[in-house]
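Here the structure comes first, spelled out in structure tokens, and everything after it is commentary.
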Amino acid sequence: MKYGIHAGLWQARWTDEITPILATVADLGFGGVEVSLLGMTDEKAAALGKAVRDHGLEVTCSDGLAPDRDITSKDPEIRAAGVEYLKWAIETTARIGSRGLAGVVFAPWGVFDPLNKPARAARSAECLGELHDTLQAHDVTLGIEALNRFETDLVNTADEACAIARASGSDRVGALLDTFHLNMEEKDMTAAIAGSADKLVHFHVSDNDRGVPGSGHLPWDTVKAGLDRAGYDGWIVAEMFVIAGNPASADLNIWRNIEPEPIDAARRALAFMRATFG
């Protein structure tokens, strides 16, 4: 396994400078850092990639779609804008030096239209399939994140993420699973993770409150069993949001401090990840 941590743990805003965070991530002993592409430019991407390498780290990327780039839309121009944006995101991921891009890449976050869910899922899969050549050219894998019901109606379960990935027809499109969301949406986390074996490309961990894994009531033995059955040996990234009172945390409904201090949370998370997953 490779162990990483999302830079969002330290960012008050998604557009905050990431470079100062890298020394902390490296000093703590993580192998990699995950960065959001929100606010990223070509120049920032090139500089960030060099800084990541200078700190001896690897990098993974995350991103999401805006409503005017909705690849599930009935409007072909909006879908086309979404495809073009995702092509840019793939190219930017490669420019940073990452081989993995994952997140809310299947539809805009917080947009709900349950009566049209099958048609939206089909349009999403078709658009994601159009990215295959770009993904192949840049040696990047795309991960569809299964989110809880309060953040999307389209992809709530591992099965739904994998179904769209399979329907895309691209072996470069897979699923990102996250224990925070799995804990809410799956009746059997072991079966959900194991059933994603052919499409599981990325994995996020936090406990039930988005804090340090192992500090809450999430059943980690079932998570490990699922990963073992899936034969997964890729990135496990701690995606924790623990400090209230800043714009990024408000986006995720963090209204109280979940942990007292980010560096301590990161240190405890890495210790737990190593002890649990080997």
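Structure summary
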{"item": "Spin-label pair residue 246/residue 74, simplified geometry with 7 Å Cα→Cβ offset, distance in nm", "result": "4.1 nm"}
{"item": "Karplus-derived 3J(HN,Hα), 6.51/-1.76/1.60, for each residue of the range 222-230, Hz, glycine and proline x", "result": "6, 5, 4, 4, x, 5, 4, 5, 6"}
{"item": "Calculated SAXS-style log₁₀ I(q)/I(0) at q = 0.18 Å⁻¹ - the range 1-72, Debye, Cα scatterers", "result": "-0.68"}
{"item": "Amide H partners (placed H, <5 Å) of residue 141, local residues excluded", "result": "100, 101"}
{"item": "Heavy atoms of residue 1 accessible to a 1.4 Å probe, total area in Å² rounded to 10", "result": "80 Å²"}
{"item": "The chain, accessible area per residue, ligands and nucleic acids excluded (1.4 Å, Å²)", "result": "41 Å²"}
{"item": "Accessible heavy-atom area order of 239, 261, highest first, probe of 1.4 Å", "result": "261, 239"}
{"item": "CD proxy at 222 nm, helix term only [per DSSP H run n ≥ 4: -39500 (n - 2.57); per residue of the chain; nearest 500]", "result": "-13000 deg cm²/dmol"}
{"item": "Hull-based mean projected area of the range 107-253, where the convex hull spans the alpha carbons, in square nanometres", "result": "9.1 nm²"}
{"item": "Distant-in-sequence amide H partners of residue 109 (H built 1.01 Å from N, under 5 Å)", "result": "65"}
{"item": "Extent along principal axes [Cα atoms of the chain; Å; largest to smallest]", "result": "47, 44, 36"}
{"item": "For the chain: relative contact order, % (alpha-carbon pairs under 8 angstrom, 6 or more apart)", "result": "18 percent"}
{"item": "Carbon + sulfur, % of accessible area of the chain - ligands and nucleic acids excluded, 1.4 Å", "result": "51 percent"}
{"item": "Cα point-scatterer Debye curve for the range 41-137, base-10 log of I(q)/I(0) at q = 0.15, 0.24 Å⁻¹", "result": "-0.62, -1.19"}
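The values are calculated or read from the model by the stated rules, or taken from the named source; none is laboratory data. Values in this document were obtained by computation on a predicted structure and should not be read as measured data. A quick note on method: Cβ atoms are made from the backbone with ideal geometry, for glycine too, and the neighbour counts reach across all protein chains shown. The accessibility values were calculated without ligands, DNA or RNA, using every heavy atom of the protein model including side chains. Shrake-Rupley method; radii C 1.70, N 1.55, O 1.52, S 1.80 Å.
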